[in-house]
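Reading through the structure tokens given below for one structure.
Throughout, read-outs are computed from the coordinates displayed, never taken from laboratory work. Note that this is a predicted model, so its numbers are computed, not measured. For neighbour counting, all protein chains shown are included, and Cβ atoms are generated from backbone atoms with ideal geometry for every residue, glycine included.
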């Protein structure tokens, strides 16, 4: 039985993934590494330090400073969060859907806490979540399940009774590794990826969340 619901943030509640990818290409180009949109599929949903590490392992550059590069990511993204980002279709409706059921809601994101707080403040969403967890404080980010296990612990709900909503494959794997039920809402560019079949439910948009979907999850 579902006793708590955990939302991802980027690409699920807020339309940031295209900009995250743009920033990834920009920051990597500054150290002479050219990557394409197609190449970025493998880093979608990773923490920014793990994105940087991924590319460094494959195309190492001189005088690598992961911390400074990570700060550069955050500096650019923080401005975007405050001034340019918009909510995904169905974001508020999905939060309200689960709140009406009396289920505690949590946010579990790969983004840093300053970005999470900027998101919550900009859209006045803090009151929806009883627990907020950033993977920046975990040893490993998604697809490792640490951030989801930590969130379940803070909710005081067994992970097997949690429902996680994710847009990326790495996030989906993290939630499934934590033994949670999942709803995947894939980015439209990757919606045909058969690996999303690992999710209990796949929706094309949060606007497709219905009582029937919830009943199906709660009975499986």
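Legend: P(r) of the chain from all alpha carbon pair distances, 10 Å bins from 0, whole percents, reading 8, 36, 37, 15, 3, 0. For segment 1-54, the Kirkwood hydrodynamic radius comes to 12.5 Å, computed from all pairs of different C-alpha atoms. In segment 104-125, which residues have a backbone nitrogen under 19 Å from the label point lying 7 Å from residue 82's Cα in the Cα-to-Cβ direction? Label zone hits: 111-125. What share of Cα pairs, in percent, lie more than 17 angstrom apart in segment 171-220? Of all Cα-Cα pairs in segment 171-220, 35 percent lie more than 17 Å apart. Per-residue extension of 0.36 nm, minus the Cα-Cα distance of residue 96 and residue 121, leaves a gain of 7.2 nm for this segment. Taking label positions 7 Å along the Cα-Cβ direction at both residue 114 and residue 63, the computed distance is 2.3 nm, reported to one decimal. Relative to the 2.2 N^0.38 Å rule of thumb, segment 7-86 has a C-alpha radius of gyration ratio of 1.07.
Which log10 I(q)/I(0) values, to two decimals, does segment 112-176 give at q = 0.12, 0.13, 0.16, 0.19 Å⁻¹ under the Debye formula with one point per Cα? Reported log10 I(q)/I(0), two decimals: -0.31, -0.37, -0.56, -0.80. On average over all directions, what projected area in square nanometres does segment 89-220 have, based on the convex hull of its Cα atoms? The number I arrive at for segment 89-220 is 7.7 nm².
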